[in-house]
Amino acid sequence: MLELKLDRVSKQYKKKIVVDRLEFTFHAGIYGLLGENGAGKTTLLRMMAGILKPTAGEILCGQCEIGKLGGAYRMKLGYLPQKFGYYPNFTVWRYLEYLAELKAVPPEAAAGRIERLLGETGLLGVKSEKMKTLSGGMVRRLGIAQSLLNDPEILILDEPTSGLDPKERIRFRNLISSLGKGRMVLLSSHIVPDIEFLADEILMMKDGRFVGAGSLPEILKSAEGKVWEYAAEPGQARSLSRKFAASSLKQLEDGTVCMRVISEDKPCGNAMPVPPNLEDVYLYRTGARSRQDEYAE
């Protein structure tokens, strides 16, 4: 069984600890890494892709440290970085053909594999177009195609839906979901609905550490009894927003504000407990600044 293990993995730049003694074991399935920008997600994925070396600890594939596996590990790996570089004057086909050569895909297999991947990513119709003519969504889908050229067992995707419009994000999520069968997919994002839709298991990250892990039902259960809704006058809403993390504020027709807040205890007399969603748990676990915080300022 395919296994990738973090064994007390840390990364430090001068005095700043970016990843702090992480321990976790991954198997086949889709793992969603959720955290704010700066939480350490990209640094962790770059270490798991073998691009960065940990300052301390080990990343093991099977029982062997990935740096010692060298090319054998890279053959198992597909990687889509957050900042995806490409050659603007290459055609889509030539670009994939070139990367297939770099990934040592056998020439007799490359053409068929490229054709199949272009079909799966919806890019067959633009295979002769230069990359500089593609939309942002097409470029990200091409990034997925290049990451799959060597039919990897491990697929690492760093913020793959960042910057896409809603329609392209949905298409991309459906594509990623279809890729999770029979391989290990590690997906990082700060977009909560993407993780909620895709991940079999969710890892929440803050300041270089995991602050929550589990399936969606397990994650949601951890915040039961800590999410409340109530209607408040605007002045009271501002006051409560300064005191509690608010995941939702909605102005009602009568002028009151329907609030959804995260609190260990009942925040006020008329508050009613409600089932948590993933965004609630994310705020609860990370203390992240909610989108409604500006209401309190």
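The values are calculated or read from the model by the stated rules, or taken from the named source; none is laboratory data. Predicted model only: the values in this text are computed from it and were never measured. Note that we place each Cβ from the backbone using ideal geometry, even for glycine, and neighbour counts take in every protein chain shown. What goes into the accessible areas is simple: the full protein's heavy atoms, side chains included, and nothing from ligands, DNA or RNA. Shrake-Rupley method; radii C 1.70, N 1.55, O 1.52, S 1.80 Å.
The slack in the chain from R8 to A109, taken as 0.36 nm per residue of separation less the alpha-carbon distance, amounts to 32.4 nm.
With a Förster radius of 45 Å applied to the C-beta separation of D200 and D265, the computed FRET efficiency comes to 0.85.
Each Cα pair under 8 Å and six or more residues apart adds its separation to the average, and for the chain the resulting relative contact order is 20 percent. Between S177 and S128, the simple spin-label model (points 7 angstrom out along Cα→Cβ) gives 3.5 nm. In loop segments of region 198-244 as defined by DSSP, the GluC sites (Glu not before Pro) with at most 16 further C-beta atoms inside 10 Å of their C-beta are E224.
Taking all Cα pairs closer than 8 Å and separated by 6 or more residues, the relative contact order of region 153-209 comes to 44 percent. Comparing region 113-222 with the 2.2 N^0.38 Å rule of thumb, its C-alpha radius of gyration ratio is 1.16 (two decimals). For region 180-280, the solvent-accessible area works out to 48 Å² per residue, with a probe of 1.4 Å and every protein chain left in place. Under a plain spin-label model, where a point goes 7 Å from the Cα along Cα-to-Cβ, how far apart in nm are T256 and I170? In this crude label model, T256 to I170 measures out at 3.4 nm. Compared with the dominant principal axis of the Cα atoms in the chain, helix 92-102 is inclined by about 70°. Taking every protein chain into account, the accessible area of region 1-70 amounts to 52 square angstrom per residue (probe 1.4 Å). Expressed as a whole percent, the proportion of Cα-Cα pairs in the chain lying more than 24 Å apart is 58%.
Accessible area per residue was computed with a 1.4 Å probe on protein heavy atoms; S239 scores about 60 Å². For S247, the amide hydrogen comes within under 5 Å of the amide hydrogens of R260, V261, I262, counting only partners 5 or more places away or on other chains and with H modelled in the peptide plane. Apolar share of the accessible surface for the chain: 51 percent from carbon plus sulfur atoms, 1.4 Å probe. One chain, two ends: M272 and K226. Fully extended at 0.36 nm per residue, the span grows by 15.5 nm beyond their Cα-Cα distance.
With loop defined by DSSP as not H, G, I, E or B, and exposure as at most 13 other Cβ atoms within 10 Å, which is the longest segment of the chain clear of exposed trypsin sites (Lys or Arg not before Pro)? Walk me through the numbers before you get to the answer.
On the way: sites that count: K14, K15, K83, K181, R289, R291.
Between the exposed loop sites, the longest stretch runs 182-288.
A 1.4 Å probe run over region 73-146, with the rest of the protein chains in place, finds 51 Å² accessible per residue.
Taking every DSSP helix (H) stretch of at least 4 residues in the chain, weighting each as -39,500 (n - 2.57) and dividing the sum by the residue count yields a mean residue ellipticity at 222 nm of -9500 deg cm²/dmol.
Name the shape class, rounded, prolate or oblate, that the alpha-carbon gyration tensor gives for region 134-196, where a ≥ b ≥ c are the square roots of its eigenvalues, rounded holds for a/c under 1.5, and otherwise prolate holds if a/b is larger than b/c and oblate otherwise. The shape class here is oblate.
Give the separation of the Cα centroids, region 94-128 to region 190-225, in Å. About 35 Å separates the Cα centre of region 94-128 from the one of region 190-225. Taken over region 1-155, the alpha-carbon convex hull comes to 133 cubic angstrom per residue. Compared with the direct C-alpha span, the chain from H27 to E101 gains 23.8 nm at full extension, assuming 0.36 nm per residue.
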